[in-house]
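Written below as structure tokens is the structure these notes are about.
The values are calculated or read from the model by the stated rules, or taken from the named source; none is laboratory data. Quantities reported herein were computed from a predicted structural model and do not represent experimental measurements. With ideal geometry, Cβ positions are generated from the backbone for all residues, glycine too; neighbour counts draw on all protein chains shown. Please note that ligands, DNA and RNA were not included when accessible areas were found on the heavy atoms of the full protein model with its side chains. Shrake-Rupley method; radii C 1.70, N 1.55, O 1.52, S 1.80 Å.
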Amino acid sequence: MENISAQITQVAPLEHYILLSAVLFSLGVLGVLLRRNVIIMFMSIELMLNACNLLLAAFSAFHSSAAGQIFVFFIMIVAAAEVAVGLAIIVMIYRNIHSIDINELSKLKW
Amino acid sequence: MNALLVLSIAGLAALFSGFSHNKKLAVIVSLLGLAVAFTVNVLDWNTAVRYYNDMIFVDNYAIAFTGVMALTMLLIVALFVDYKESVEVPNAEIFALLFFSLAGGVMLVSYSNLLMLFLGIEILSIPLYILAGSKRHTLTSNEAAIKYFLLGAFASAFLLFGIVLIYGVTASFHIETIAAYIKNANGQPPALLVAGMFMLIGGLGFKISAAPFHFWTPDVYQGSPTIVTTFMSTVVKTAGIAAFYRLFAYAFPAITAEWIPTISVLAALTMTVGNVTAVFQSSVKRMLAYSGIAHAGYLLIAFVSISSNPASSVLYYLIAYAVSTVCAFAVLMVIQHTTGSEEVDGFKGLSKRSPFLAFITTVAFISLAGIPPTAGFFAKFYLFSGAVKAGHLWLTIIAVLNSCIAIYYYFRVITAVYSEGTDSTPVELGTVQKAVMIITAVLAVALGLFPEMIISLL
């Protein structure tokens, strides 16, 4: 583990990993906020989660601690569970309104 | 911790009881499971054991909040016996999902590792996404599900990024190790850690529907079946607040100067937005959603006195709020069934149709408004006096002003109950329904008369 840590930071310093993850995460945020297609919004959320995964792996190698990499597995499992439920909800909506545009759903307003 | 096992097993048992032809079996299994979970939970009192390689720390704080959530869910499941609104999903599946959600809630109040915080939030939320959409052919329910799902996943991602940044600085997910690291930093925590903490505030603020992260709440509460809304606004809120409070009490007590200004602004904003918007609502269900936002704002006041005030004021407030909210929703379910509307006008003439219901409604809304001698008043009293003692006078003044606004919209319902209505047919009530209403109303008054019972617990 010590060895890997040295190797990784030799190739690229930790700041680069932080910057890359922050950029990926921001792209995900923008995707959720700007796009109106539910599936694209959904994929943007996955992008945010994967930015977290990447950063966790980098920190884990940097600190020579395995905890971060174990956390990544949990995030993957949770993401899979979310996909299962999320796609089911999207299918349910598609059957009712034959569209997956979020703007079509605006029955609830005060 | 045993409660967690019992709840998971009871969830599976409730799910499989759906195969039985006896429709009542699922309810009986669920009530039994909750009663057993509550008992084994209380038996652990004063033990404070760390489980699973120090992932979960079951102290009195965890036990108290687990007990509150189990009892609240018990009342909600009992309401199912006489529940008339169609949910389009067999009761057994609803109960199983509620149990799994509650298991996530138990993890949220007893975690000592940020991994458990993340998993707890997800286990709490994922069943709720399904429950919100359980009226499959109703568009409002669909809308509630997709909004809750997208925004919930969005907020979890923020929470996760916050956890990752904190891990990057401290090399640990354990909340006590993080606290020790911060203490060693001598009041100069690295910027990355502070950024991570603010992302955690955002993610958790979403879960407890604090403004400006509250936009999903009214839509989701209104679109979901009423019984699911009751669960969301009581059990889920309890779990969210308890997790939030635990994080700041354990991990960040050394840098209060960094987060108290933010949390106080958040608290002031949340209660003002919640109360002012609630005034303009004609639907009682939506009004209760905004009132839930406002109550989250009051609860955030407890955070500013985190080092001087015991957690029991939060516990007491959440119990008072849960009891009155379950009571109010129980009445709303009856009104929805008999008049077909959830508007304030639906409550008109209720005193003629059923004096009993009129009385219960009055107690529930008086307690929500915080008028003595109900529990709601003393709950607010303990929170506000804690904030004054900690020197946050302006926050308390805003909170008191907000309580005055709240009285206006709660009393709109009460005056509707005692005004003349067009319909005068008597309202039929189920036995269990009636029992739940009596229990919650009696608790709302009894806890107000004897607040020491709860306040002395933690």
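Quick look at the values:
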item	result
Considering residues of the range A:38-88 that are touching an Asp or Glu at 6+ places or on another chain (Cβ under 8 Å) and loosely packed, with under 14 Cβ neighbours inside 10 Å only, the residue farthest from the other protein chains (Cβ to nearest Cβ)	A:Ser64
Flag for B:Ser156 being part of a helix (DSSP H, G or I), open to solvent by less than 10 Å² (accessible area, probe 1.4 Å) and touching a residue at least 60 places away in the same chain (Cβ under 8 Å)	no
Criterion (within 19 Å of B:Ala239 (Cα to Cα) and touching a residue at least 60 places away in the same chain (Cβ under 8 Å)) met by exactly one of B:Ala70, B:Ala37	B:Ala70
Restricting the range B:232-270 to residues that are under 30 Å from B:Gln433 (Cα atoms) and in contact with a Leu (Cβ under 6 Å, 6 or more places away or on another chain), the residue that is surrounded by the fewest Cβ atoms within 10 Å (Cβ to Cβ)	B:Thr238
Sole exception among (1) more than 30 Å from B:Ala251 (Cα to Cα); (2) surrounded by fewer than 21 Cβ atoms within 10 Å (Cβ to Cβ); (3) in contact (Cβ under 8 Å) with a residue 60 or more places away in the chain; (4) of a type outside the set (D, E, K, R) for B:Phe329, by number	(2)
In the range B:408-458, the residues that are of a type in the set (S, T, N, Q) and open to solvent by 20 Å² or more (accessible area, probe 1.4 Å)	B:Thr415, B:Ser419, B:Thr422, B:Ser424, B:Thr425, B:Thr431, B:Ser456
The range B:115-151, subset polar (S, T, N, Q) and open to solvent by less than 10 Å² (accessible area, probe 1.4 Å), residue nearest to A:Ala81 (Cα to Cα)	B:Ser125
Qualifying residue in the range B:30-44 (condition: open to solvent by less than 40 Å² (accessible area, probe 1.4 Å), among the aliphatic types (A, V, I, L, M) and under 21 Å from B:Lys434 (Cα atoms))	yes
Identity of the residue in the range B:169-201, open to solvent by 20 Å² or more (accessible area, probe 1.4 Å) and within 30 Å of B:Phe231 (Cβ to Cβ), that ends up nearest to the other protein chains (Cβ to nearest Cβ)	B:Met199
Hits in the range B:40-55 - residues which are over 11 Å from B:Thr66 (Cα atoms) and polar (S, T, N, Q)	B:Asn46, B:Thr47, B:Asn53
Output for the range B:153-168, where each listed residue is at the interface with another protein chain (Cβ under 9 Å from one of its Cβ atoms) and within 17 Å of A:Phe59 (Cα to Cα)	B:Leu160, B:Phe161, B:Ile163, B:Val164, B:Leu165, B:Tyr167, B:Gly168
Some residue of the range B:247-256 being in contact (Cβ under 8 Å) with a residue 24 or more places away in the chain and in contact with a strand residue (DSSP E or B) (Cβ under 8 Å, 6 or more places away or on another chain)	no
Evaluation of B:Gly205 against (1) within 25 Å of A:Val83 (Cα to Cα); (2) out of contact with any Pro (no Cβ under 9 Å at 6 or more places or on another chain); (3) part of a helix (DSSP H, G or I) (one fails), failing number	(2)
Any hit, the range B:354-368, residues being within 18 Å of B:Glu452 (Cα to Cα) and open to solvent by less than 10 Å² (accessible area, probe 1.4 Å)	yes
Some residue of the range A:92-109 being under 18 Å from B:Phe173 (Cα atoms), within 8 Å of chain B (Cβ to nearest Cβ) and buried (at least 17 other Cβ atoms within 10 Å of the Cβ)	no
Single residue of B:Ser351, B:Ser313, B:Ser283, B:Ser308 found to be touching a helix residue (DSSP H, G or I) at 6+ places or on another chain (Cβ under 7 Å), of a type in the set (S, T, N, Q), in contact (Cβ under 8 Å) with a residue 60 or more places away in the chain and crowded, with 24+ Cβ neighbours inside 10 Å	B:Ser313
Number of the condition not met by B:Ala211 [criteria: (1) part of a helix (DSSP H, G or I); (2) open to solvent by less than 10 Å² (accessible area, probe 1.4 Å)]	(1)
Number of the condition not met by B:Thr339 [criteria: (1) closer than 19 Å to B:Thr396 by Cα; (2) among the polar types (S, T, N, Q); (3) open to solvent by 20 Å² or more (accessible area, probe 1.4 Å)]	(1)
Criterion violated by B:Ile130 - all others in (1) closer than 30 Å to B:Ile182 by Cβ; (2) facing chain A (nearest Cβ under 10 Å) satisfied	(1)
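For (1) out of contact with any Phe, Trp or Tyr (no Cβ under 9 Å at 6 or more places or on another chain); (2) open to solvent by less than 50 Å² (accessible area, probe 1.4 Å); (3) at negative phi, each residue gets a yes or a no:
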residue: B:Val27; (1), (2), (3): no, yes, yes
residue: B:Asp82; (1), (2), (3): yes, yes, yes
residue: B:Glu93; (1), (2), (3): yes, no, yes
residue: B:Val109; (1), (2), (3): no, yes, yes
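Condition check ((1) small (Gly, Ala, Ser); (2) closer than 20 Å to B:Met232 by Cα; (3) not in a helix (DSSP H, G or I)) across all residues:
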| residue | (1), (2), (3) |
| --- | --- |
| B:Thr39 | no, no, no |
| B:Val42 | no, no, no |
| B:Thr47 | no, no, yes |
| B:Arg50 | no, no, yes |
| B:Asn53 | no, no, yes |
| B:Ala64 | yes, yes, no |
| B:Met73 | no, yes, no |
| B:Ile76 | no, yes, no |
